[in-house]
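Peer 1: Please see the structure below; I have some questions.
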Amino acid sequence: MAEPLFGRLALIGIGLIGSSIAHAARQNGLVKEIVVQTRSQKTLDRARELGLGNAYTLDPAEAADGADLVIACVPVGASEQVAKAIGPVLKPGAIVSDVGSVKTSVVKQMGNYLPADVHFVPAHPIAGTEHSGPDAGFAELFQSRWCILTPPEGTDPKAVEKLAAFWRGIGANVEVMSAEHHDLVLAITSHIPHLIAYNIVGTAADMEESVRAEVIKFSASGFRDFTRIAASDPTMWRDIFLHNKDAVLEMLGRFTEDLTALQRAIRRGDGNTLFDLFTRTRAIRRGIVEMGQDTSEADFGRRHGTGTPAGE
Ligand SMILES: NC(=O)C1=CN([C@@H]2O[C@H](COP(=O)(O)OP(=O)(O)OC[C@H]3O[C@@H](n4cnc5c(N)ncnc54)[C@H](O)[C@@H]3O)[C@@H](O)[C@H]2O)C=CC1
Ligand SMILES: O=C(O)C(=O)Cc1ccc(O)cc1
């Protein structure tokens, strides 16, 4: 196995993403030791039982003290609190990163509290599930998935490359872009789809009891897919929408206009409009599958120890 890239890795927050990083970093020999921090004693005890780290603490400053790489793996709304706590103890030259699904807000929240002699390289692995907590993590989560780095202007390229090497070491493909661009792209590819899922499941849940029972009984795969997404962590997703407000509202505006056009086409019996759109979107799906970006069946196998989602 190659020399570890980092001495001490501090994971602040040990849910799905933190625990997956712990498993993957250890399995690939990327760090010498891992310090795990979380807020509750119960989660910390569970992390210890799972053997996720070499040391465990409830204090973020104690975890970050002496670390070469610190990764905040907390809901995006907790980023400022984490930076405030760890800022004063960070080792000169340390790399500080995160995994938040929103980047502009995280850069603003953390930037002011980090000393000038550390390297701040925000990151977002585009990989996850609807599950949360330390038991949900697994080493292969990032395999062949994208990890987007959004270093603020002027960040030392060597630090960016070192973090990129870490993510490549746990199986991800790395891309660098600005935080603003990231937030716009993710608003339409991830945040709005989750909002649609939460909304459609909420609409079904608000129907009168007799209909609701039928919805559950006869739920076709489309609705079932939405219920999986709508089971995602409420704290995490509340924070995403509150912290990517502008980009989400911009994309939601476009989405609503397009939905209204479809509504009109249905009312007018305009089959051509519907057929043309469905033909274009089918081509997009085929393009994604050809690029090897659709891993839904492989994901199912990884989570359930089987090869196929048949029968789910
Ligand atoms: N779940 C997913 O599919 C993905 C999540 N992300 C991002 O990763 C981050 C973590 O998400 P998950 O691991 O899924 O969440 P999770 O809910 O599984 O874990 C979050 C962890 O943060 C801790 N925590 C919460 N507030 C804290 C605070 N103020 N100080 C210290 N610890 C705190 C929790 O106790 C828990 O250990 C979020 O920012 C999310 O946007 C990124 C990619 C995928
Ligand atoms: O479970 C799913 O389908 C996801 O979309 C996972 C996910 C959630 C949040 C992210 O920022 C990235 C990936």
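No value in this document is a laboratory result; all are computed from the given coordinates. Everything quoted here is computed from the prediction, not taken from an experiment. Here the Cβ positions follow ideal geometry from the backbone for every residue, glycine too, while neighbour counts run over all protein chains shown.
Peer 1: Within the stretch 49-107, can you find the residues that are away from ligand 1 (no atom under 12 Å from the Cβ), of a type in the set (Gly, Ala, Ser) and in contact with a Lys or Arg (Cβ under 8 Å, 6 or more places away or on another chain)?
Peer 2: Residues satisfying the conditions are GLY66, ALA67.
Peer 1: While we're here: Look through the stretch 233-275, keep the residues that are acidic (Asp, Glu) and surrounded by 12 or more Cβ atoms within 10 Å (Cβ to Cβ), and return whichever of them is farthest from ligand 1 (Cβ to nearest atom).
Peer 2: ASP270
Peer 1: Report yes if some residue within the stretch 95-107 is touching a Cys at 6+ places or on another chain (Cβ under 6 Å) and surrounded by 18 or more Cβ atoms within 10 Å (Cβ to Cβ); otherwise report no.
Peer 2: Looking through the stretch 95-107, at least one residue is touching a Cys at 6+ places or on another chain (Cβ under 6 Å) and surrounded by 18 or more Cβ atoms within 10 Å (Cβ to Cβ).
Peer 1: Quick one: ALA116 ticks every box in (1) without any contact (Cβ under 8 Å) to a residue 40 or more places away in the chain; (2) small (Gly, Ala, Ser); (3) at negative phi; (4) touching a helix residue (DSSP H, G or I) at 6+ places or on another chain (Cβ under 9 Å) except a single one, so which number is it?
Peer 2: In the conditions (1) without any contact (Cβ under 8 Å) to a residue 40 or more places away in the chain; (2) small (Gly, Ala, Ser); (3) at negative phi; (4) touching a helix residue (DSSP H, G or I) at 6+ places or on another chain (Cβ under 9 Å), ALA116 misses (4) alone.
Peer 1: Out of curiosity, is PHE166 within 19 Å of the chain's Cα centre (by Cα), within 29 Å of LEU58 (Cβ to Cβ), crowded, with 19+ Cβ neighbours inside 10 Å and in contact (Cβ under 8 Å) with a residue 24 or more places away in the chain?
Peer 2: So PHE166 fits the description; yes.
Peer 1: Restricting the search to the stretch 124-154, which residues are more than 9 Å from ligand 1 (Cβ to nearest atom) and buried (at least 20 other Cβ atoms within 10 Å of the Cβ)?
Peer 2: PHE142, CYS147, ILE148, LEU149, THR150, PRO151, listed by residue number.
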